[in-house]
Amino acid sequence: MADIFEGTVIEDIDLQEGQKNFSADVYIDVLRAWCKHVPGNLEKLRLLVEELTDSEKLREYTITVHGLKGSNYGICASGIGKDAEELETASRRGDIEFVRTNTGPLIETATRLHKNLESFLAANTKLAERGTLVASPDTALLTQLMEACKQFRSTAMEDTLKQLEAFEYESGGDLIPWLRDQMDNLEYDAILERLANELK
């Protein structure tokens, strides 16, 4: 699958650098997961920046933009990651003017990347196919994710969740996007509580 990336250039992302971090198959799964989850996060960011009138909204904004920072650095969209990092820093210091001025351009750039990646994936039918259908999420992987979460090992959590996202599920599949949302928002306690119930 590596030859699919050969000669491909997409604005705002370094696909070649991404292949240094992941095997081609895994990188495709990472890109598909990013495309699936980022629109919701961008919409949340857009709504929050319109409501930055109290510290609670600013805290939610900080958490959301932090998740975008990590996900964009993760796929090697470093420019967007850096913009998100600057917005996170500004929101932590309470610089609402900077946040309001620069959130729109971030959303615009990330939305453009989303559109281009979606087109790239759709143009390669092998990449757009559903993942392998299995009965339910692998309990060994869920246990592995829970242990990584207990130790705040974010890289291990991300790797394990990507493995879970590579499949489609006959039952219990709603757990996986929920886990992704919680990870993006650093809700580790919520992850631990639900996984403890799931693994009883």
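The values are calculated or read from the model by the stated rules, or taken from the named source; none is laboratory data. This structure is a prediction, so every number in the text was calculated from the model and none was measured. With ideal geometry, Cβ positions are generated from the backbone for all residues, glycine too; neighbour counts draw on all protein chains shown.
General remarks:
- Number of the condition not met by Arg93 [criteria: (1) modelled with pLDDT under 95; (2) over 23 Å from Asp25 (Cα atoms); (3) under 16 Å from the mean Cα position of the chain (by Cα)]: (3)
- Among the residues examined, Tyr188 qualifies as among the aromatic types (Phe, Trp, Tyr) and under 17 Å from the mean Cα position of the chain (by Cα).
- Residues being over 19 Å from Lys69 (Cα atoms), part of a loop (DSSP other than H, G, I, E, B) and of a type in the set (A, V, I, L, M, F, W, C) - total across the stretch 182-200: 1
- Checked against (1) modelled with pLDDT under 90; (2) out of contact with any Lys or Arg (no Cβ under 7 Å at 6 or more places or on another chain), Leu58 passes all but condition (1).
- Unique match (being crowded, with 17+ Cβ neighbours inside 10 Å, out of contact with any Ser or Thr (no Cβ under 6 Å at 6 or more places or on another chain) and more than 17 Å from Glu158 (Cβ to Cβ)) among Val65, Val49, Val99: Val65
- Those residues of the stretch 143-200 which are in contact (Cβ under 8 Å) with a residue 40 or more places away in the chain, crowded, with 16+ Cβ neighbours inside 10 Å and among the small types (Gly, Ala, Ser), in sequence order: Ala166
- Residue list for the stretch 13-60, filter: in a loop (DSSP other than H, G, I, E, B) and under 16 Å from the mean Cα position of the chain (by Cα): Phe22
- If the condition is being within 12 Å of the chain's Cα centre (by Cα) and surrounded by fewer than 18 Cβ atoms within 10 Å (Cβ to Cβ), then the stretch 71-80 contributes only Tyr73.
- Single unsatisfied condition, Ser71 versus (1) closer than 16 Å to Ile13 by Cα; (2) at pLDDT 95 or above: (2)
- Lone qualifier among Ser91, Ser119 - being surrounded by fewer than 16 Cβ atoms within 10 Å (Cβ to Cβ) and either assigned by TED's automatic domain parsing to the domain that holds Lys69 or closer than 16 Å to Asn72 by Cα (or both): Ser119
- Inter-residue pairs, beta-carbon under 6 Å, first in the same structural domain as Phe98 (by TED's automatic domain parsing) and without any contact (Cβ under 8 Å) to a residue 60 or more places away in the chain and in the stretch 37-57, second surrounded by fewer than 19 Cβ atoms within 10 Å (Cβ to Cβ) and outside any helix (DSSP H, G or I), 6+ apart: Lys57/Glu51
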